[in-house]
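Inspection log for the structure reproduced underneath, given as structure tokens.
The values are calculated or read from the model by the stated rules, or taken from the named source; none is laboratory data. Bear in mind the structure is a predicted one, so any value in this text is a computation, not a measurement. A quick note on method: Cβ atoms are made from the backbone with ideal geometry, for glycine too, and the neighbour counts reach across all protein chains shown.
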Amino acid sequence: MRDDTVAVGIGLAFGYAHADALAELVRIAAAHGARAVRPAPDRALLLIGVAPPDASGLTAAAERLGFVVRADDPRRRVAACPGAPACASGLMPARALAAALMPALETRMLPEHGICVHVSGCPKGCAHPAPAALTLVGTARGCGIVRNGCAYATPGEYLDPTNLAVEISRIAAPASEAGHA
């Protein structure tokens, strides 16, 4: 920036953060010299006016709070709606499932840009209306699995959400075979 400060980019995991975490981030950012917080594209925030020596400490603090701070963070490749119980249409807790599935999913995602996995609480697909390599959708029959499609597509199979991480590890093809969208 013109005054020799920097803007630190912080991503919101699955496009969401708790109000308490945001308040703590703002408090820490101010302690590191940030003068403003602005929304940015791709579910992110810019913490503006940070002295370059303070940027790494601010980034580390944001990471401890659960924010996305690295370009290669696999959460950037997953779209997840709020799901149940936050959404009346949600038939499964999409964000909670997305977070729980990260260990099973992250080894199967290429480091390229774009959404690879969509976790949708219902067939509306609000968080990501476009096709994804793997879409997990809440239905009356359980968690539907759609490969290379949208949440409103007919699932090829259904799984019990309580065993989803194990099942996803079993059925998810390696990233090289997934045909990413």
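Assorted remarks:
- Checking Gly114 against (1) of a type outside the set (A, V, I, L, M, F, W, C); (2) on the phi < 0 side of the Ramachandran plot; (3) modelled with pLDDT under 85, the condition it does not meet: (2)
Condition check ((1) within 20 Å of Val166 (Cα to Cα); (2) free of Cβ contacts under 8 Å to residues at least 24 places away in the same chain; (3) touching a Cys at 6+ places or on another chain (Cβ under 8 Å)) across all residues:
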position	(1), (2), (3)
Arg43	no, no, no
Ile48	no, no, no
Ala62	no, no, no
Ala71	no, yes, no
Pro93	yes, no, no
Ala99	yes, no, no
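- Taking the conditions (1) within 21 Å of Pro129 (Cα to Cα); (2) outside the structural domain of Gly138 (by TED's automatic domain parsing); (3) in contact (Cβ under 8 Å) with a residue 12 or more places away in the chain in turn, Ala55 satisfies each one other than (1).
- Taken over the stretch 41-83, residues that are among the small types (Gly, Ala, Ser) and surrounded by 17 or more Cβ atoms within 10 Å (Cβ to Cβ) amount to 7.
- Spans of strands (runs of 3 or more DSSP E) in the stretch 1-112 with at least 3 residues β-branched (Val, Ile, Thr): 6-11
- Given (1) within 14 Å of the chain's Cα centre (by Cα); (2) without any contact (Cβ under 8 Å) to a residue 12 or more places away in the chain, number of the condition Pro39 does not satisfy: (1)
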